[in-house]
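Read-outs: derived from the displayed coordinates by stated rules, not from any lab. Just so we're clear, the structure is a prediction, and the values are computed from it rather than from any experiment. Cβ sites come from the backbone with ideal geometry, for glycine too, and all protein chains shown count toward neighbours.
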2 protein chains.
Amino acid sequence: MTTSGPPEPKPGSQANQAGHHNLDPHLDRYAARTAGMTASEIRALFAVASRPEVVSLAGGMPNLTALPLDSLSTQIAELVAEDGLVALQYGSAHGVPTLREQICEIMAMEGISAHPDDVVVTVGSQMGLDMVTRLFCDPGDVVLAEGPSYVGALGSFAAYQAQVVHVAMDDEGLIPSALREALAEAERAGQRVKFLYTIPNFHNPAGVTLAVERRAEILEICAAHGVLVIEDNPYGLLGFDGQTYPALRASDPDNVVYLGSFSKTFASGLRVGWVLAPHAVREKLVLAAESATLCPPTFNQLVVSRYLSTHDWKGQIKTFRENYRQRRDAILSALEQHMPPGCSWTKPDGGFYVWVTVPEGVDTKAMLPRAVTARVAYASGTGFYADGLGSRQMRLSYCYPTPERLREGVRRLAGVLESEMELVRTFGNVPSRAVSGPQSPSPDTA
Amino acid sequence: MTTSGPPEPKPGSQANQAGHHNLDPHLDRYAARTAGMTASEIRALFAVASRPEVVSLAGGMPNLTALPLDSLSTQIAELVAEDGLVALQYGSAHGVPTLREQICEIMAMEGISAHPDDVVVTVGSQMGLDMVTRLFCDPGDVVLAEGPSYVGALGSFAAYQAQVVHVAMDDEGLIPSALREALAEAERAGQRVKFLYTIPNFHNPAGVTLAVERRAEILEICAAHGVLVIEDNPYGLLGFDGQTYPALRASDPDNVVYLGSFSKTFASGLRVGWVLAPHAVREKLVLAAESATLCPPTFNQLVVSRYLSTHDWKGQIKTFRENYRQRRDAILSALEQHMPPGCSWTKPDGGFYVWVTVPEGVDTKAMLPRAVTARVAYASGTGFYADGLGSRQMRLSYCYPTPERLREGVRRLAGVLESEMELVRTFGNVPSRAVSGPQSPSPDTA
């Protein structure tokens, strides 16, 4: 995205008049939140990594090849011809009522009982996250999030100058005792903790799922400390055995704000997501959403609504799920076969991601340019932490490439890792280039 | 939107446990920006005003009846069938390159020479406004804006806790000497002025256009004071004689951020707008946009791009323009015919709005419920000011109703106004219910 540099200041431009010598004449004008805004480290390599010869295990793009384009085309043509004056017109910031009813039916699959009035349609779940942070976070407020966490969430938290405190996970998801400790520590330090942000199912980037028996405990801890829970669940219907887990929102409607999305179960390019919130919060959300985008696109909402009412959307999700399971099987067996000793990884039973830990001494960020040279890309771990951790981790996305490409990608990655480990054995730790400041997500990491 | 009240706190809910007695158990948790967030006064009457028997002069919805729905339907069907896997997939936060090139061609019609790299596609122009405010405004920073100004802009400024200082206008738009005075006063008070927000063409809500001979002077004043200019131009191509005015951005690329939109020239329900910014600002904008929505909908961008390349979009704008001119003629002649003495109004030569001033003693906000009872609605003036002014003004939108309905609406409005003036003559000023706090826009006021 940043292949061309900033232009030279022109003679007579304000920068010169003011005697400044930095390349951005507007530098003194930015808000405090903007000063440290830098591109995601992942994006810096995006241009190279998107070349066709590179196997990208970096992106979080859903594989849409199974979508029934011909029948979608017909449906959408009918929508425009029959209902175009509504579809192409402004709507309310709250969202189209029929779609909000359908969203309640979808959420019921994970045990949620909700009223359509309490659903707010957003421009993707990212906007929901941004709006929730806007409503609750003053600069310096603490947000608890799993470590690692979704890079797009970290970007929104940074935009509102919230401070992220990571809570440890294991193969069963967020660890309740670690949550208790984090809350106790924040209270000792006199910090205001606004909410726990959590992705309970098929975590991005960790690939793990919060054990059912931990869910009530985590809700109790948060309620006891007066801390809201933000439950982000874009992958919940992508369990490879068709399994679903009870949503946190299902058992605590008053203290959980739930974020949902059609990006992984239908089409990411429509940018339709939603927030389900307690009534009073929902009213504020609508007002915040109005100042952000006026209203979500009516057209896209009607496309989704028509798709849900005319297609076998559950069958379609089953097809997606089976495609992703094949890919998960391919990447796990390739990791087993090729990865050098000392590496470990999570075993996802749904979703898009495997989280890999490499042997001590290897820095995944420093290694990334060498991996791209060897025609494989991944997302290095530090992007998923707000505090600099993650240098021995990487996220591998298996959602988009074919199983063959996934196997080839892992073979290449294992080769790069072998060389890197050899280097470490010979010369000690390989240094990483420093990256500082809050990072913004790239669509590649969604 | 707020027809049902907040639910009663349930036994055992957190609100009760904490011993709170307010109806929103989350009240202590909101950010400072959220505390005063209240619904727009305009919206409170929206449910009633949207009944078919009411002539609504309140909304800013474009009249889309002239759109060629059948051929749009065919085009969009082809897009999905031929290019669906791209259209339905994530894109970049920067926007689709082809569309950004086409946007540069559109802007050239108002004298702007720009590189597609410096264009960022947004979810409507409202998102552009929100992102620019996010980039530049810390709490307490001053934003200058015409008085009156666009209600959606005031909503975004409030969301970032910026302080709005209004600058007076006359029939020739923003008054340069008033701008100088506002800047001098802010400097005396030690305030940080971040930018001037201005709608130079066919102003919302004032209906006036900034005189061409004032444009260079306003740019010079802002540059001399180190203040950025945000130029919001959704109506620029809707001049009723086909006239256009030179964009501020055309003569000062380094100090103007330009906001554009397809909502009034094509279709508002697609939510496609853009920002043109100096290079360094543009890079930050892309990062801010990623944390807000990840990326604008690819689908909508490709729909607009295909429309621009296959339709006679200039001919379509001409058709829209002629429809709006007919409506402008109808409302102005009805105002001339029916309004009681002592009223005055602006004479727009493009855009959607007439700004009416009523005789002293009449409060347009207090009068609105009576107007709605008489089956006519308008937007009362105070919603367009951040400082409580505007009680003697109202905005009449002529964009949506038919000429016949416009005439009938004005006839009803004049009747309500006559009664109100009679009341004032008999009993003195009619008190208004107090409304406080920053207001959020409603799509109805776009």
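Under the simplified labelling scheme, the residue A:336-residue A:243 pair shows an inter-label distance of 1.8 nm, with each label point 7 Å from Cα along Cα→Cβ. Based on the Cβ-Cβ distance of residue B:418 and residue B:181, what FRET efficiency does E = 1/(1 + (r/R0)^6) give at R0 = 25 Å, to the nearest 0.05? Taking R0 as 25 Å, the efficiency between residue B:418 and residue B:181 is 0.10. Within a straight-line Cα-Cα reach of under 26 Å, residue B:314 can be paired with the following lysines, leaving aside sequence neighbours fewer than 8 residues apart in one chain: B:264, B:347. Per residue of peptide B:297-306, the mean number of Cβ atoms on other chains within 10 Å of the residue Cβ is 4.
Per-residue shielding of A:132-139, expressed as the average number of other chain Cβ atoms within 10 Å of the residue Cβ, stands at 5. Out of every Cα-Cα pair that the protein assembly as shown contains, those further apart than 53 angstrom amount to 13 percent.
What gaps in nm, shortest first, separate residue B:418 from its twins in the other copies when you place the label 7 Å past Cα toward the beta carbon? Output for residue B:418: 9.5 nm, nearest copy listed first. Helix-only estimate, please: 222 nm mean residue ellipticity of chain B, summing -39500 (n - 2.57) across DSSP H runs of length 4 or more and dividing by its residues, to the nearest 500. One gets -13000 deg cm²/dmol as the mean residue ellipticity at 222 nm.
Note down the magnitude of the dipole of the stretch A:89-310 about its Cα centre, charges +1 on Lys and Arg C-beta and -1 on Asp and Glu C-beta and zero elsewhere, to the nearest 20 debye.
On the way: 14 positive and 25 negative charges, 134 e Å.
Value, rounded to 20: 640 debye.
Label separation (residue B:217 vs residue A:427): 6.6 nm, computed from points 7 Å beyond Cα along the C-beta direction.
One decimal place: the segment residue B:411-residue B:329 gains 28.0 nm when fully extended, by the rule 0.36 nm per residue minus the C-alpha distance. Scanning chain B for the Cβ atom closest to the axis that brings B onto A yields residue and whole-Å distance B:77, 2.
Net charge within 12 Å of residue A:70 by Cβ-Cβ distance, Lys/Arg positive one each and Asp/Glu negative one each, not counting residue A:70 itself? Working shown, then result.
Values: positive: none; negative: B:78, B:82.
For residues surrounding residue A:70, the net value is -2.
Note on residue B:344 and residue B:70: with the Förster distance fixed at 41 Å, the Cβ-Cβ geometry gives a FRET efficiency of about 0.40. The residue among A:122, B:262, A:182 whose Cα reaches farthest toward the positive pole of the charge dipole of the protein assembly as shown, with charges on the beta-carbon of Lys, Arg, Asp and Glu, is B:262. Sorted ascending by nearby beta carbons within 10 Å, beginning with the fewest, A:194, B:314, A:347 become A:347, B:314, A:194.
With its label point put 7 Å out from Cα toward Cβ, residue A:36 sits 2.9 nm from the same residue's point in the other copies, in order from shortest. For the stretch B:89-310, the share of alpha carbon pairs falling in successive 10 Å distance bins from zero is 8, 36, 38, 16, 2, 0 percent.
What's the exposure ranking of B:192, B:425, going from fewest to most Cβ atoms within 10 Å? Kindly include the intermediate steps, with their values, before the conclusion.
Values: B:192 17, B:425 10.
Result, fewest neighbours first: B:425, B:192.
Could you check the spin-label model distance between residue B:85 and residue A:98? Points 7 Å from the Cα along Cα→Cβ, value in nm. A separation of 3.1 nm, rounded to one decimal place. Going by the alpha-carbon gyration tensor, a ≥ b ≥ c the square roots of its eigenvalues, is chain A rounded (a/c under 1.5) or, if a/c is not under 1.5, prolate (a/b greater than b/c) versus oblate? Rounded is the answer for chain A, as its axis ratio a/c remains below 1.5.
For the residues of A:66-75, the average number of beta carbons from a partner chain within 10 Å of their own beta carbon is 4.
If exposed GluC sites (Glu not before Pro) are those in a DSSP loop with at most 13 other Cβ within 10 Å, what is the longest stretch of chain B that has none?
Values: sites that count: B:53, B:360.
Value returned for the longest uninterrupted segment is B:54-359.
Net charge around residue A:100, counting only other residues with Cβ within less than 13 Å of its Cβ (Lys, Arg = +1; Asp, Glu = -1)? Charge balance in the 13 Å sphere: -3.
With charges only on Cβ, +1 for K and R and -1 for D and E, what is the dipole size of chain B about its Cα centre, in debye, rounded to 20?
Numbers: 37 positive and 48 negative charges, 210 e Å.
Taking the Cα centre of chain B as origin, the dipole is about 1000 debye.
Taking the Cα centre of the stretch B:85-206 as origin and charging only Cβ (+1 Lys, Arg; -1 Asp, Glu), how large is the dipole, in debye to the nearest 20?
On the way: 6 positive and 15 negative charges, 79 e Å.
Roughly 380 debye, rounded to the nearest 20.
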